[in-house]
Amino acid sequence: MVSTSQTEIKAAVELTPGGSQVFLAIVAFIAAACLATGFFFLWHKPLLSVPPTVIGCAALYWACRGWLKAQHNADSAGAIPTTIVDRSRGVELQTDSRALSSAEAMKGLGNLFQAIGFREPLPEPDGLVNANGTPIPNSKNEAAARVARANGEAEQIIREVASAFCSKSSGQAQSLTEQQVSALDKGWKEASSSGRGELP
Amino acid sequence: MSTNQGGLLSGALADLTRRPVVSGVWYNNKSMNIDGYKFVQCRFDNCQLWANSSNFEIDHCIIDKSSHVYFGKDALRLVKLFNHSFDWIYAAAPSWAPVRNGDGTISILDNT
């Protein structure tokens with residue numbers, strides 16, 4: 001009696017490069033082809049093996065160098081977003097985790113927090129001034145319009161921030177945007193009705 | 001993130017960190033927070049101006065002598081650091097100076 005056992009192993013391996021990785025894959029293929037050619041001639045005609053071997057080594061070097069540079073960012077693609085929260089100001093931002101490796105981007109995020117975190121609505125002005133700095137009589141309405149425009153733009157910036165950084169998780173994107181906007185808006189409106197303004 | 005991608009993100013963030021501009025406006029006897037705005041040719045008489053950060057611009061404005069400027073905790077730390085070498089300020093205006101410790105060192109901490 002002969003017992004037979006068959007084991008079937010299936011593995012799904014995806015080797016399809018994407019984006020800039022395609023170029024690296026091509027360079028790596030060229031390197032392999034040149035080295036294979038060089039090794040073939042090494043056996044039969046050693047002198048002819050030098051050019052393809054040199055080209056293959058150079059291509060392999062550049063392929064490795066390019067892969068090392070791109071590896072971190074390519075592997076980070078699709079990672080869980082990084083959430084940065086400042087609950088005291090009701091601000092929550094979500095960004096790609098790759099932003100953490102860019103000092104420039106982190107500085108920009110810091111500036112963004114500072115910009116929207118400390119800004120409050122401007123109080124009603126008392127008028128306009130001319131080029132010499134002298135107040136212009138009966139100009140309160142026009143001054144109020146200018147300040148209202150600035151306050152409106154500040155409020156618009158809050159909405160743009162909420163829109164730019166809202167969560168992309170399925171089924172929650174829309175409601176999260178509304179929550180973020182209403183939280184920031186509420187903070188803005190509370191600031192505009194708080195104590196600052198006219199001095200006693 | 002490549003340098004180019006960081007630059008693109010920074011460009012997008014630069015637009016979100018833009019400062020609304022207020023020009024030619026007169027404030028009299030008001031208390032206000034100047035963070036996040038750019039004031040051009042404005043005038044402040046007898047006002048209380050609050051600055052919590054360096055995120056503001058003042059361009060050809062008048063702040064009269066009866067107005068006062070108040071600094072938030074973050075901004076005040078920079079003021080204290082600037083004043084650390086002026087011996088007179090420790091007695092004359094201690095709230096604008098770092099804490100001078102008994103061993104001759106100075107401290108500028110979150111809770112001071």
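Taken over the stretch A:100-116, the criterion of being more than 7 Å from chain B (Cβ to nearest Cβ) and within 28 Å of B:W26 (Cβ to Cβ) is satisfied by A:I116 alone. The test for being touching an Asp or Glu at 6+ places or on another chain (Cβ under 7 Å) and either in a loop (DSSP other than H, G, I, E, B) or at pLDDT 90 or above (or both) holds for B:R19. For the stretch B:12-36, give me the residue count where each residue is within 17 Å of B:S54 (Cβ to Cβ), open to solvent by less than 30 Å² (accessible area, probe 1.4 Å) and touching a helix residue (DSSP H, G or I) at 6+ places or on another chain (Cβ under 6 Å). Within the stretch B:12-36, residues that are within 17 Å of B:S54 (Cβ to Cβ), open to solvent by less than 30 Å² (accessible area, probe 1.4 Å) and touching a helix residue (DSSP H, G or I) at 6+ places or on another chain (Cβ under 6 Å) number 4.
Can you report the number of residues in the stretch B:46-73 which are at the interface with another protein chain (Cβ under 10 Å from one of its Cβ atoms), surrounded by fewer than 18 Cβ atoms within 10 Å (Cβ to Cβ) and polar (S, T, N, Q)? Total satisfying the criteria: 3. The set of residues in the stretch A:145-155 that are free of Cβ contacts under 8 Å to residues at least 24 places away in the same chain and more than 9 Å from chain B (Cβ to nearest Cβ) comprises A:A145, A:A148. Pairs are defined by a Cβ separation below 7 Å, a sequence spacing of at least 6 or placement on different chains, a first member in the stretch B:84-97 that is open to solvent by less than 70 Å² (accessible area, probe 1.4 Å), and a second member that is part of a helix (DSSP H, G or I); the pairs so defined are B:I89/B:N83; B:I89/B:W96; B:A97/B:K80; B:A97/B:N83; B:A97/B:I89; B:A97/B:Y90. Checked against the criteria, A:P81 counts as surrounded by 13 or more Cβ atoms within 10 Å (Cβ to Cβ), at pLDDT below 85 and of a type outside the set (K, R). Taken as a whole, the structure leaves A:R159 outside the set of residues that are at pLDDT 95 or above, part of a helix (DSSP H, G or I), within 12 Å of chain B (Cβ to nearest Cβ) and open to solvent by 50 Å² or more (accessible area, probe 1.4 Å). Of the residues B:R43, B:R77, the single one that is of a type in the set (K, R), open to solvent by 40 Å² or more (accessible area, probe 1.4 Å), under 25 Å from A:S139 (Cβ atoms) and touching a residue at least 12 places away in the same chain (Cβ under 8 Å) is B:R43.
The values are calculated or read from the model by the stated rules, or taken from the named source; none is laboratory data. Worth saying up front: this structure is predicted, and the values here are computed from it rather than measured. We place every Cβ from the backbone using ideal geometry, glycine too, and count neighbours over all the protein chains shown. Heads up: the accessible areas ignore ligands, DNA and RNA and are worked out on the full protein's heavy atoms, side chains in. Shrake-Rupley method; radii C 1.70, N 1.55, O 1.52, S 1.80 Å.
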